[in-house]
Amino acid sequence: MNRREFIRKSAIGSLGIAAAPYILPSGRLFAATGARKVNHVVFCLFAGGVRNWESVQKAEGNLMPNILSGNEAISNDIAGSMSGLPSSPLSAPMQTMGTLFKEFRFSSGPTGHYNGHTTAITGQHTNTSLNLRANPEWPTIFELYRKHNSPSQAATNAWWVSHSNNLYPLLNYSSHPSYGPQYGANQIAPTQLFSGAALNALGSNYALDPDVAEELERLRHFTDAQFDVSFNEAAGLENTVEGRDQIQAFINKMVSEASSGQHNNPWSIPSGMNGDMYNMFYAEKVIEEFKPELLVVNMFGVDVAHTNFTEYCNNLRRADWAVAHLWNTIQNTPGMANDTLLIVAPEIGRNANPNTISDANGRFALDHTTNDAVSREIFCLMMGPSGVVQAGQSINQVAGESIDIVPTIADALGFLPDTNGILPGRVLQEAYV
Amino acid sequence: MRKWTILCIVLLAVSCKDVELNQYEIEPVNVNTSSAEKTQRKSDLQLISIMYSDVYGKAISQTELQRLSDAYNSFGDKQVVIDRITWGYLNDSRADLPLDSELIANPDAVIRTLYERYFSRVPGEMELWYYKDWLMENPDLGVLHLAFVLLTSEEYKYY
């Protein structure tokens, strides 16, 4: 071995020794500082304002039999007004397969929907100064994931499936100077996008020949290069070219199916699917197509409680059934089955005292405007692979709050240490084996 | 007193004297906005309604605007939706576009027309050259594709 060869081999050897600790069994060169517990997280905001009295405390009987164990009879007047649902998509209540925090808390901030959502998605408390017309001040879980996860992931790996296109899309990314749209998720409001007039606006035939698409992209690249604008000045997030192609194909498929009637009650719900069920249906479509590492989906139907208590109970049952369907889909999706953490939690509770509006059963309606103790009481269910999440565990004392969900997700995906202490909450370690 | 009267008359005479001014003028031409002067991003509604006007040559109806806004507001990556809406517009038989035969006969004129219509400016020499070169390399592509690229470009989102 001559001198030159010796130096070359020594250099390669040294480089290998230096790099070896960073090469993971999965083949990833750079690891997030923490180890992953799972490779996918789905966070379902069981939102719209759910009081613990009607959910985990079963004051009207077990209105959530797909999530909660128990056969407590539903109050007669409420039961007589319930719409029919198919049998459970699951073989056993989800509570038996995961950890249920029965006394979770939305501990601080006004008990409004947007405050509750913002806290759940940013892991930060809010106050009355929260701007309802602007992106949140603190980074969302989507930005934390896309900025700190290593290797960084395309936007097609992070989805925010919102029940409406009003207000909630703002939770896609924050105005924080270190984060912003370049780290945002693919936000979609499918019940608006794939129905009614918007469906026609999308058109079903957006399909370019790959060669044509490449040439158009080349010309667009040139054209954009003549007009220099930095990313931060642009509105919204951006996908890669490949990501956009995949999304366009997905939209084509959804538009085609919806236009041909395939999305008319696809779950065969006897009384028809409500908005929550449709939002979950489309979240499942996203899961099946993109197998995202992070997906957040919300529901909202229970907010009918402002004017109709009985329908609130009815929508609790529908939401409960939809969550079970979601978990069933996750567990039947190759790549996500047995490798997904599911977190289910309402964003806020509802007032202890009713308002003056009564329904057909003489039940009085519920607001969530007083910030009282009951409106801060919520629950949280965590499901995951056996060996990761404790199965059949019920935590009955006060433990955990909504600001803990974001650090728990960050920890599960292995990037919590890289968030540099920006999150005030803690990891919900009680749920893990 | 007489001296003062004469002085005033002289001063008045001087002050009223016509002064010949040299006036320099240029021939009136259309001054187009350069891309550098566009700093304001169009709002979502502005973008949709202006594009509609540019493609169809008429104002958008409230119903159509609501229809498109619903789609636009329902997806985070706006480029995805803009691409679809624009493609739909341009493939509508009512779209007001130059003919491909005109593009073949006089590419300079058609490119200039599209630039002025959508960007409110004339193309630079390099832009003109690049577009013509691109057309020569892609003889199967035409006005529809040029219009699509311009309407979905970054510059179109600003005014």
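Values in this text are rule-based calculations from the coordinates and carry no lab data. Please read these numbers as outputs of a predicted model, since none were measured by experiment. Every residue, glycine as well, gets a Cβ built from its backbone with ideal geometry; the counts of neighbours run over all protein chains shown.
Once both labels are positioned 7 Å from their Cα atoms along Cα-to-Cβ, the gap between B:Lys58 and A:Gln153 label points is 4.8 nm. In order along segment A:394-411, the phi-based Karplus estimate (6.51 cos²θ - 1.76 cosθ + 1.60, θ = phi - 60°) of 3J(HN,Hα) comes to 10, 9, 8, 8, 5, 7, x, 8, 5, 6, 7, 5, 4, x, 5, 5, 4, 5 Hz; Gly and Pro are listed as x. Normalised by the number of residues in chain A, the average gap of Cα pairs under 8 Å and 6 or more apart makes the relative contact order 32 percent. Computed from backbone phi, the HN-Hα couplings of segment B:138-148 come to 10, x, 7, 9, x, 4, 3, 6, 4, 4, 4 Hz, rounded to whole numbers (Karplus: 6.51 cos²θ - 1.76 cosθ + 1.60, θ = phi - 60°; Gly and Pro given as x). Multiplying the residue separation of A:Ala249 and A:Ser268 by 0.36 nm and removing their Cα-Cα distance gives an extension gain of 4.2 nm. Once you divide the Cα radius of gyration of chain A by 2.2 N^0.38 Å, the number left is 1.06.
Arranged from fewest to most other beta-carbon atoms within 10 Å of their beta carbon, A:Tyr282, B:Tyr131 become A:Tyr282, B:Tyr131. Given a Förster distance of 41 Å, report the FRET efficiency between A:Ser69 and A:Ala207 from their Cβ-Cβ distance, rounded to the nearest 0.05. Computed FRET efficiency for A:Ser69 and A:Ala207 comes out at 0.25. Site pair A:Asn39 and A:Val241 shows an inter-label distance of 2.7 nm when each label is modelled 7 Å from Cα along Cα→Cβ.
Across peptide A:181-194, the average count of Cβ atoms from other chains found within 10 Å of a residue's Cβ is 3. With a Förster radius of 35 Å applied to the beta-carbon distance between A:Asn127 and B:Glu137, the computed FRET efficiency rounds to 0.05. Each part gets one Cα centre, and for segment A:395-421 versus segment A:115-134 those centres are 17 Å apart. In this structure the amide hydrogen of A:Ile395, modeled in the peptide plane, comes within under 5 Å of the amide hydrogens of A:Leu100, A:Phe101, A:Lys102, none closer than 5 places in sequence on its chain. As a ratio to 2.2 N^0.38 Å, the alpha-carbon radius of gyration for segment B:98-159 is 1.03. Working note: 222 nm ellipticity from helices only, DSSP H runs with n ≥ 4, each -39,500 (n - 2.57), summed and divided by the residues of the protein assembly as shown, gives -11500 deg cm²/dmol to the nearest 500. Plainly put, segment A:167-231 has a radius of gyration that is 1.08 times its Kirkwood radius, both from alpha-carbon atoms, as the Rg/Rh ratio. Working note: Karplus 6.51/-1.76/1.60 with θ = phi - 60° gives segment A:75-89 the couplings 3, 4, 5, 5, 4, x, 10, 6, 8, x, 10, x, 5, 4, x Hz, where Gly and Pro are set to x.
Beyond 11 Å, the tail of the calculated P(r) for segment A:131-177 holds 69 percent of the Cα pairs. Which residues does a label at A:Ser164 reach in segment A:240-283, if reach means a backbone N under 14 Å from a point 7 Å past the Cα toward the Cβ? It comes to A:275-276, nothing else.
Kirkwood-type hydrodynamic radius, segment B:42-96: 11.3 Å, calculated from all non-identical alpha-carbon pairs.
Residues whose amide H falls under 5 Å from that of A:Ile378, counting only those 5 or more places apart or on a different chain, are A:Phe104, A:Arg105, A:Phe106, with hydrogens built in the peptide plane.
For the set A:Lys147/A:Lys291; B:Lys58/B:Lys78; A:Lys58/A:Lys147; A:Lys37/A:Lys102, the pairs lying more than 30 angstrom apart at their alpha carbons are A:Lys58/A:Lys147.
Hydrodynamic radius of segment A:325-433 by the Kirkwood approach over all distinct alpha-carbon pairs: 16.5 Å. Counting only trypsin sites (Lys or Arg not before Pro) that are in a DSSP loop and have at most 14 other C-beta atoms within 10 Å, tell me the longest site-free stretch of chain A. No qualifying site falls inside A:134-425, the longest such stretch. Legend: calculated FRET efficiency, A:Asn355 to B:Ala105, from the Cβ-Cβ distance at R0 = 60 Å, rounded to 0.05, equals 0.25. Less than 5 angstrom separates the built amide H of A:Gln187 from those of A:Trp160, B:Gly76, B:Asp77, all sequence-distant by 5 or more or on a different chain. Each part gets one Cα centre, and for segment A:189-205 versus segment B:101-159 those centres are 30 Å apart. Of the trypsin sites (Lys or Arg not before Pro) found in segment B:66-122, those in coil by DSSP whose Cβ has at most 10 other Cβ atoms within 10 Å are B:Arg94.
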